[in-house]
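Engineer: Below are the structure tokens for one structure; questions will follow.
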Amino acid sequence: MSSARVTISVAERRAFMSSSSARGRLRLESDTVSPFARPDLFWSTEHTAVKLRDPKVRVVDCRFVFEGDAHPEYLSGHLPGAVHCDWVRDLSAPPPSSGHPRWMLQGPDAFALTMSRFGIGNDTLVLGYDAEGGHHAARLWLALRRYGHDRMAVMEGGIQKWIAEGRPLEKGETKVAPATFVPHPRDGVIATKDEVFAAVRTGDPWLLDVRRDSEFTGQEKRAARGGHIPGAVNILWKEALKDDWTLKDADELEEMYANAGFGAETSAVTYCQAGVRAAFTHLVLTALGHDDVRTYDGSWEEWGNDPSLPIIVGRS
């Protein structure tokens, strides 16, 4: 693995911090939190700094800009050795001829080629980060999990925290040697439209809509129809995070989800607009020790554009 080793000046660092990638209030020190059942799924910046020296770790910058391109921001400064993954360009299948649903996960062969290009093999330990709490990185986590790879973590606090702590950045494109990735598709990771429709009829599994309230009620319409899936409850994905984009205490998270009807034995399906924010909540629930969780891959992009499917406008 090689990368342009370019020193970034203080002035450049300050300019970088004022860019769109540096949104959110920064925290300079780490808080002690209650233990998670799967602490390996979220890394601190301190742990990341140590693991960067490990040649078996592939760091993936997952920053993303809607209706734009985050690649220039990646080129201007990223964690040492990081490659850049745009979830729309690199992880999504082409849309069908009808135009919807867009942004479904790639099939196994296409995904294997993408991972090979990133230098990710079946034994690679992957560390993802972004600039918005880790939800773009979580889409890569979901895809890897879908295809049988369980060795990925997300860095808490994002690149903002890394920069605020004065940690090193590199400029330019990181060049990596291709790896061999053999996908092993796994059930129980994503949910289909038919499975979600069955849940509407039976009330099981628990449906968790992690979009904004305005999307949930239909006030903000991002498909042919606005609203939500009948029976779904709404908890914004960001409610799992503090103001500095790091995770809340595990006990606080358990209480939040329990107050909405989620229990230790509950099966759950998360959804949002495109399965990205939903992937983050899936990741958080997994970190808390809940294994019977799936993400509805089509999410509202599929459901809201299919007039044959039931919806509710307003709050149920």
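Engineer: Mind checking the angle between helix 108-117 and the chain's longest principal axis? C-alpha axes, 0 to 90 degrees, to the nearest 10.
Structural biologist: Its long axis makes an angle of about 20 degrees.
Engineer: Counting Lys and Arg as +1 and Asp and Glu as -1, each charge on the Cβ, what is the dipole of the chain about the Cα centre in debye, to the nearest 20?
Structural biologist: For this selection, approximately 840 debye.
Engineer: In addition: Rank these for me by crowding, MET104, MET152, MET256, going from fewest to most other beta carbons within 10 Å.
Structural biologist: MET256, MET104, MET152
Engineer: Please sort 62-71, 128-137 by packing, taking for each peptide the average over its residues of neighbouring beta carbons within 10 angstrom, highest first.
Structural biologist: So the order, starting with the most tightly packed, is 128-137, 62-71.
Engineer: Using just the helices of the chain, give the 222 nm mean residue ellipticity in deg cm²/dmol: DSSP H runs with n ≥ 4 each add -39,500 (n - 2.57), and the total is spread over all residues, rounded to 500.
Structural biologist: The helix-only estimate for the chain comes to -8000 deg cm²/dmol at 222 nm.
Engineer: Work out the charge dipole of the chain with +1 on the Cβ of Lys and Arg and -1 on the Cβ of Asp and Glu about the Cα centre, then indicate which of PHE66, VAL189, GLY172 is farthest towards its positive end.
Structural biologist: Farthest along the dipole direction, towards plus: GLY172.
Engineer: Relative to the longest principal axis of the C-alpha atoms of the chain, give the angle of the C-alpha long axis of helix 193-202, reported between 0 and 90° and rounded to the nearest 10°.
Structural biologist: Helix 193-202 sits at roughly 50 degrees to that axis.
Engineer: Return the sequence-ordered ³J(HN,Hα) values of region 152-169 in whole Hz as given by the Karplus equation 6.51 cos²θ - 1.76 cosθ + 1.60 applied to θ = phi - 60°, using x for Gly and Pro.
Structural biologist: 9, 10, 10, 7, 5, x, x, 5, 4, 5, 4, 5, 4, 8, x, 7, x, 10
Engineer: For PHE66 and ASP243, what is the calculated FRET efficiency with R₀ set at 25 Å and r taken between the beta-carbons, to the nearest 0.05?
Structural biologist: 0.70
Engineer: For the chain, build the convex hull from the C-alpha positions and give me its volume per residue in Å³.
Structural biologist: 127
Engineer: Out of all DSSP beta bridges in the chain, what portion is antiparallel? Express it as a percent rounded to 5.
Structural biologist: Antiparallel bridges make up about 20 percent of those DSSP assigns within the chain.
Engineer: In what order do VAL233, VAL293 fall by count of nearby beta-carbon atoms within 10 Å, going from fewest to most?
Structural biologist: VAL233, VAL293
Engineer: Can I ask one more? What percentages, rounded to whole numbers, describe P(r) for region 185-286 computed over all alpha carbon pairs with 5 Å bin width beginning at zero?
Structural biologist: With a bin width of 5 Å, the distribution comes to 2, 12, 22, 25, 21, 12, 5, 1.
Engineer: By how many degrees, between 0 and 90 and to the nearest 10, does the Cα long axis of helix 277-287 differ from the longest principal axis of the chain?
Structural biologist: 80
Engineer: With +1 on the Cβ of every Lys and Arg and -1 on the Cβ of every Asp and Glu, and nothing else charged, how large is the dipole of region 190-303 about its Cα centre, in debye rounded to the nearest 20?
Structural biologist: For region 190-303, the charge dipole is close to 560 debye.
Engineer: So, in the chain, how many Lys pairs have Cα atoms under 22 Å apart, if the pair is 8 or more places apart or on different chains?
Structural biologist: Final tally of qualifying lysine pairs is 12.
Engineer: Okay, next question. So if we plug the beta-carbon distance of GLU173 and ARG225 into 1/(1 + (r/R0)^6) with R0 = 51 Å, what FRET efficiency do we get, rounded to 0.05?
Structural biologist: Step by step, r from the Cβ atoms, then E = 0.80.
Engineer: If you stretched the chain out fully between ARG315 and ARG53, how much longer would it get, using 0.36 nm times the residue separation minus the C-alpha to C-alpha distance?
Structural biologist: Taking ARG315 through ARG53 to full extension adds about 89.4 nm, to one decimal.
Engineer: Here is a further query. Within region 185-201, find all residues whose amide N lies under 15 Å from a label point positioned 7 Å from the Cα of SER267 along Cα-to-beta-carbon.
Structural biologist: 187-201, by backbone N distance to the label point.
Quick note: the coordinates plus some simple rules give every number you see, no bench work behind them. Since the structure is predicted, the reported quantities are computational estimates derived from the model, not experimental observations. Note: ideal-geometry Cβ built from the backbone for every residue, glycine included; neighbour counts use all protein chains shown.
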